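Here, each number is a calculation from the coordinates, and none is a lab measurement. What you are looking at is a predicted structure, and each value in this text was computed from that prediction instead of being measured. Methodologically, a virtual Cβ is constructed for each residue, glycine included, from the backbone with ideal geometry; neighbour enumeration extends over all protein chains shown.
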Amino acid sequence: MSAKRLLHGGRIDREQPLRFSWDGGNMTGYAGDSLASALMANGETVLGRSFKYHRPRGIMSAGVEESGAMVTVGEGNRRDPNVKAATQELYNGLVATGQNAWPNVRFDVGAVNSLFGRFFSAGFYYKTFMGLPPFEWGKGTGLWMQYEKIIRKAAGMGVASREDDPDVYDHAHGYCDLLVVGSGPTGLSAALTAAKAGLDVLLVEQNSELGGDLLNQPVNQSEKQRLNFVSKLEKAGVRIMTRTTAFGLYDNGVAGLLERVTDHLLSPDRHLPRHRFWTIRPRQTILACGALERTVAFGNNDRPGVMTAAAGRAYLNRYGVLPGQKIVVATNNDSAYVVAAELAEAGAEVSLLEARSEISESAMALVGNNGVNLHTRSAPLHVRGSGSVNALDVAVESNSGWSAHGAEPCDLVLVSGGWSPVVHLMSHRGIRPEWNAEQACFVAPANIEEPMYIAGSAAAVWNTDDCMKSGESAALKVLKALGSKARQKKAPVAGGWDTPIKPLYEVKVPGRYLKSFVDPQHDVTCDDVRLAHREGFVSVEHLKRYTTLGMATDGGKVGNIIGLALMADAQGKDIPEVGTTTFRPPYTPVSIGALKGRNVDEHFRPLRRTPMHTWNLEHGATMTMAGLWHRPWYFARQGEGISEAYVRETETTRRTVGLCDVTSLGKIAIQGPDATEFLNRIYTNPFAKLPIGKARYGIMLRDDGIVMDDGTTWRLSEADYFMTTTTAHAGKVMVWLEELLQTRWQDLRVHVTSVSEQWAGSAVAGPKSREVLEACVEDAAVMPNDVFPFMGVIETTLKGGIPCRIARISFSGEMAFEVYVPSDYASALMELLWAVAEPLDGCLYGLEALGAMRIEKGHVTGAELDGRVTIDDAGLGKMASPNKSFIGSAMRNRPELMREDRPRLVGIKPKNTSQTFNAGAILCAQDKVSGLGEGWITAVTHSPALGHWIGLGFISSGHEAWEGKTVIAADPVRKGNIEVEIISPHMYDPSGEKMYG
Amino acid sequence: MVDRISALAGYYRTGKFGILDNDTAGVILEDIRGLDLHQIACWPDTLDAVGKLVAKSAGCKDAPTPGKVEVGKKASVIRVEPLKWWILAAEAPEIDPEQGSTLDISHSRTRVRITGSNAAEFLNRHMPLDLREESFPVGSAGSTAIHHVGVTLWRSEQGYELFIPRGFALSLWEGFVESATQFGLEVV
């Protein structure tokens, strides 16, 4: 290939030179160039190395189907591998390098693989290296695990950057009446027709400019028409998105789009995302995606200098590059004639190999005047040359097929093996395309029961004028579907060539070994397909997986039809009998960054902050995650780590008073005349007679009798309750209550509303807790023990006029209160409480101390209520009323759930109290440390009150059964085995004197 | 009475940021503080009666239908669910429990107003609601999700009014500020 930039023509701007680098060398292109066209104009031919054989590869196309010029663009943390040079817009300062080669793509040591190409057939590595005889006969893949690392290094594509991606990515949602995918003649016509009729139209184009195939036509021939269209579209209000690919279609017509916002810029504004991932919800869609030109399999058809005929035209007319001086165009259809004519017109010496025996007069006229040498019944057989094309061995049609017939010296071979309509997006919806034998391609079935129409060359309509009519007709159908009375116009039928296409997928002659590629990107050859057939992989789906045909980044755009044809030939069947392939999203690759959007780092999940968040931080909190919440973990003082801090906080709270942000507890308003009945049905214990101004601890079960959640519910008035749930299950309980009301108990007049965000809460715990609150409420008379006993609830006012709710409940085991204020007053609440508690030698405590105190007390949390535990297992069986029905009351009595030897909640202490042990350890009988053991440990802490480590857990039959016995806490992967004793879970103040006091 | 403190307090930075067009921002964000909000819920057979109470309380002719907002002489009312309204007022009307229930949720949401020429486009960077003029004109309301967080959106005469659960407000706000700079952002 000896390409040269023409002095005139093309859509590039010769006034705007762009400097770029290729494999370290400085080069120049022009604004409007693709990386491929600029490299071609700079005389570069070998741009890549193939996947398996490391064969030299060059530009094969001018679009998304590119399989040869796969390069790496960018450097450092912006290095992007496997970029198709044909679709990469050139910009000033672009840095591109070759990949999958050492030292470079022009001279690659890995090319030695090519010498053994005959052995590297489909499945070679697996057959050869798995179960390697004689070492691994019948034993499997041990050695393979080692070989694989080396093989993977030798085979492959580019390498992604290991550094963090510096770019941001965006998500976006869009709506329209009509989505038009593709802006060639069909899409332009469809969009304009629909917009003029008043529809809200979104036109999506993967290229940087509208026009589709019009961009590949001579500028003086098509540009006026194109600009006219664009101007009318803008006037009609069509929303236009360029550099945007509709990569997938989904349920209800939803389309996935990838917008490449800054890939064409060297230093984009840092506020712009690199890619934008669009979810479009159109009412209707027109697929005007065009068609992709197929190649033909023949010897060395992957050499740099072999490409599709349409690509030759694109480089000439769009980029002003004459891709070769002495060109052979090989075709089996009419579409290549205009290519041959235009190339000859531009100064190339052109021969046209026509596989058919007869052609039309108009086609003849097209090439006759330009000195194109036409050879009918001829086809390409084998390319001579390695890094470039020197000559083409020609085959002529004979009785038995093809026979060799001399050679044609040339530097470029352009091939047209027919056209494949882009039916990918339709295929994403599970609609199988049908084979059109006349046009030798797959097309959409006649009836599609989706809000979708397919038009233009995507429906195998080949002429520009017919495509426009096809687009218009599709738009009219859309209008009708949306209720308009627009007059319908008949769509042009598939076809448009004067002489029918002659199906041609492979050219071979008897007795001659040829390396003919079906899927160049994955180095799949015709012989691989035949081998698959011989070895029994006759289903298309098996063929794909065995040979990896169509599984490269082009998704089978290039090779699938040829592969099918070869398999059909091997089986003696027609193509449709062999089957079709299912295209799956994405149509072209989508960056991982675009999928994740802005949901990264601290925004990977939404953070939930309590209204005291800032106050907590200002007072020395170290935070931890509790679900989505950020909660104080501990408040370290000078010189303290977590261990010292939580022990001090626990000890201080038990001695004087501690404050803890408990806002994250779930809070639900239960309102309505039937609220009492509702609560009585969902809780295991009686709620029918809870007085106003009282709280009650309750447990709710699932339908299957397993504990769902626990918490306190406060009665505020006759028909108004305030329920608290655990932090972990707040959302689940809220949804569950709604479900019950909306599906099972529609007769109950109850509304449930989450008020978790409305109320901020602090626990005030410890012997001096009442003293603190007395100083904080406006009316201290509400606080005495007889007025405000254990489980009492009051609504009162704090100093400063802050309305509040206080319940006397205790999670710590001390006398304690939970105080709730409207969230915007949270900081004021903490200021108020702390101003009193601090001089009393009180403390702020976090989740770690909270956990320590509740373990000492034997109170359960989500760690214990893990979805396997019954109310009896948790030691709370007395709370299940035998006198009423409640959710789970029937199923909890299943024999399996009533077994006496079920694991029960117990306390655990080390036999040698200087030892520690871990949550997650398995409890085993001393003489049987194996298997699943007898139970497990859910939580551990150092107990300041007891002076040693303690834990909660479950063990079969409960603590009475293990009294006086030594049990092993087995923790084989961390600490080993520790001897422990099983005790009552109520390890601190079991009678509750402190709590009631 | 102590002052109310917004969920965004301490993190709220006014000014202009990002890609401005002649010093004009495409997106303008404002934390509307001191929200007064009550929920009024009814039973299926008291919908009309409670609706009239709601309308009277807000000073409008009728209570809004689902997905709509009525701006009354005394207060605005959003129909958030088939049997629930939100009234933007410091007090809720007295309702007998047999008729329905009221609930003060003034502190449960952070109200952010979004205006500017790119307001709708900006919102669609985050939420899947069709905000085109014919689908979501002034006086519309909808429930949707931003980054998995349930939010309520009202299109008022002033702009888009977003009600975010308070605990998530700062997290979403951080995302808003970051993503709005592509349109040019002004925080007022």
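Odds and ends about this structure:
- Among B:Ala75, B:Leu53, B:Ala92 the positive-end extreme of the charge dipole of segment B:26-99 (Cβ point charges): B:Ala75
- Evaluated on chain B, the Kirkwood hydrodynamic radius is 17.3 Å, with distances taken between all distinct Cα atoms.
- Size descriptor, Kirkwood hydrodynamic radius, that averages inverse alpha-carbon separations across the protein assembly as shown, Å: 35.1
- Helix B:47-58 vs. chain B, principal-axis angle (Cα, 0 to 90°, nearest 10): 60
- Cβ crowding within 10 Å, taken as a proxy for footprinting-reagent exposure, orders A:Leu829, B:Leu88, A:Leu374 from fewest neighbours to most as A:Leu374, B:Leu88, A:Leu829.
- Axial C-alpha extent at least 18 Å, average Kyte-Doolittle at least -0.5 - helices from chain A (DSSP): A:142-154, A:464-481
- Each distinct pair of alpha carbons in segment B:37-104 adds a 1/r term; the inverse of their mean, the Kirkwood radius, is 11.2 Å.
- Qualifying aspartates and glutamates (Cα of each under 15 Å from Cα of B:Lys52; at least 8 residues distant if same chain): B:Asp62, B:Glu70, B:Glu94, B:Asp96
- Summary of the geometry: segment A:454-473 and segment A:812-833, compared by the centres of their Cα atoms, lie 71 Å apart.
- Label-to-label distance, nm, for residues given as A:Arg545 and A:Thr28 (7 Å Cα→Cβ offset): 5.5
- Value at 222 nm in deg cm²/dmol, rounded to 500, when DSSP H runs of n ≥ 4 in chain A each add -39,500 (n - 2.57): -6500 deg cm²/dmol
- Those lysines that a straight Cα-Cα span of less than 23 Å connects to A:Lys768, excepting residues fewer than 8 apart in one chain: A:Lys694, A:Lys799, A:Lys857, A:Lys994
- Tilt relative to chain B, helix B:166-180 - C-alpha long axis, 0 to 90 degrees, to 10: 40
- Per-residue average of Cβ from other chains inside 10 Å of A:818-824: 5
- Placed amide H near A:Lys515: partners under 5 Å, 5+ positions off or other chain: A:Asn300
- When only alpha carbons are used to place a centre, segment A:524-563 and segment A:747-807 end up 72 Å from one another.
- Shielding by other protein chains, B:182-188, mean Cβ within 10 Å: 2
- Excluding same-chain neighbours fewer than eight residues apart, the lysines reachable from A:Lys544 by a Cα-Cα span under 16 Å are A:Lys557.
- Per-residue average of Cβ from other chains inside 10 Å of A:794-806: 1
- For chain B, calculated [θ]222 nm from helices alone, where every DSSP H run of n ≥ 4 adds -39500 (n - 2.57): -5000 deg cm²/dmol
- Sites excluded, chymotrypsin sites (Phe, Trp or Tyr not before Pro) in DSSP loops with at most 16 other C-beta within 10 Å, longest stretch of chain B: B:13-188
- Neighbour-count order for B:Ser156, A:Ser378, fewest beta carbons within 10 angstrom listed first: B:Ser156, A:Ser378
- Near A:Lys884, once Lys and Arg are set to +1 and Asp and Glu to -1 for all other residues with Cβ below 11 Å from its Cβ, the sum equals 0.
- Net +/- balance of residues flanking B:Leu35 in space, Cβ distance below 15 Å, scoring K and R +1, D and E -1: -3
- Residues whose amide H falls under 5 Å from that of A:Val321, counting only those 5 or more places apart or on a different chain, are A:Leu6, A:Leu316, with hydrogens built in the peptide plane.
- Packing, as the average of other Cβ atoms within 10 Å across residues, places the peptides A:229-237, A:710-718 in the order A:710-718, A:229-237, highest first.
- Local electrostatic count, A:Trp736, Cβ distance below 14 Å [Lys/Arg +1, Asp/Glu -1]: -2
- Look at A:Ile955, A:Ile150, A:Ile908 and count the other Cβ atoms within 10 Å of each Cβ; fewest to most, that gives A:Ile150, A:Ile955, A:Ile908.
- Over segment A:465-555, Cα pairs under 8 Å with separation of 6+ residues give a relative contact order of 17 percent.
- Cα-centre dipole for the protein assembly as shown with unit charges at Cβ (Lys and Arg positive, Asp and Glu negative), debye to 20: 1700
- Among the trypsin sites (Lys or Arg not before Pro) in segment A:539-593, those placed in a DSSP loop whose Cβ has at most 14 other Cβ atoms within 10 Å are A:Lys573.
- Look at the Cα gyration tensor of segment A:146-247: its axes a ≥ b ≥ c give a/c of at least 1.5 with a/b over b/c, and that counts as prolate.
- Euclidean distance between Cα centres, segment A:328-381 to segment A:191-253, Å: 32
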